[in-house]
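Shown next, in structure tokens, is the structure this report addresses.
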Amino acid sequence: MIGGIILLTILFAGHYIPVTLSLLLLVVITWMALLSYSGFLATILISGLSFLIPFGILAYRNWNGIGMLHLGPAVSSELSLELSVLFSMIFGAAIWVRAILRSKKAGFDEVVGAINLYAWIATIYGCLYTVISRLNPHAFLFHDTLIQALSQDQMRHNFNELFYFSFVTQTTVGYGDILPISHFARSLAVSQAMIGQFYVAVVLTYILNLWISDLKKPGTPDGVSKD
């Protein structure tokens, strides 16, 4: 529940929160969500390694990225944090989905967890889009009204903007203010739209059916006994 509230806070108030703080909060959310699962320590290890390895490589290259594009320490740390969030949430989502699909009963906590996992998927894709936009400045096209106060480069590297784009894509709303241009960006957008619809139609429906079935059983708080 707390993790879901933090995710929504980042979505609605992301422009007022430094990107680095938003990414750190996302890492903490991942740890909180997996605290009761066996993969908790492995998630912490993945978070640390997926930050330290790219940050160390960039530091060794004098903060130069692909194509000798100079990033600097601040941008390098932000990019490393995005990769840390990405790999941590992918690993955490795999553990979470396995636990959800193995469950034979569901309560309110499981339903909230399934909804939170939907937001996790959007966050994973948001990190992917941000990393792609850093590597390929022409991967996305931003509408002119979006960049009145920011340059195109700032918009492309802004996690909050692509976090929003990720949710719009996953819900298949598609306002058209941000467009995927490169083949890889378009492929990811298509896969996210398919996964988003599949998740709602299959996983979330499965959990809701379990919850409704439990509510109808005699002896449950909302169940009605036939005796």
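The values are calculated or read from the model by the stated rules, or taken from the named source; none is laboratory data. Remember, predicted model here, so these are calculated numbers, not experimental data. With ideal geometry, Cβ positions are generated from the backbone for all residues, glycine too; neighbour counts draw on all protein chains shown.
Inspection of the range 30-42 finds a residue satisfying the criterion of being of a type in the set (S, T, N, Q) and in a helix (DSSP H, G or I).
Yes/no per residue for (1) closer than 29 Å to TYR175 by Cβ; (2) within 20 Å of the chain's Cα centre (by Cα):
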site	(1), (2)
LEU49	no, yes
GLY56	no, no
LEU69	no, no
LEU83	yes, yes
PHE91	no, yes
ALA99	no, yes
LEU135	yes, yes
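Of everything in the range 155-190 that is over 14 Å from the mean Cα position of the chain (by Cα) and part of a helix (DSSP H, G or I), the residue that is surrounded by the fewest Cβ atoms within 10 Å (Cβ to Cβ) is HIS183.
When the range 96-137 is limited to residues that are touching a His at 6+ places or on another chain (Cβ under 9 Å) and hydroxyl-bearing (Ser, Thr, Tyr), the one that is modelled with the highest pLDDT turns out to be THR130. Regarding TYR60, is this residue out of contact with any Leu (no Cβ under 9 Å at 6 or more places or on another chain), modelled with pLDDT of 85 or more and among the aromatic types (Phe, Trp, Tyr)? The answer is yes for TYR60.
Being closer than 16 Å to ARG134 by Cβ, without any contact (Cβ under 8 Å) to a residue 24 or more places away in the chain and β-branched (Val, Ile, Thr) is the filter here, so list the residues in the range 19-74 that pass it. Correct list: ILE57 only.
If you go through the range 56-76 and pick out every residue that is surrounded by 19 or more Cβ atoms within 10 Å (Cβ to Cβ) and closer than 27 Å to ALA119 by Cα, you end up with 1. For the range 83-96, the criterion of being surrounded by fewer than 13 Cβ atoms within 10 Å (Cβ to Cβ) and out of contact with any Cys (no Cβ under 9 Å at 6 or more places or on another chain) is met by at least one residue. Residues that are in contact (Cβ under 8 Å) with a residue 12 or more places away in the chain and not aliphatic (A, V, I, L, M) were ranked within the range 89-108; the one that is farthest from LEU7 (Cα to Cα) is LYS104.
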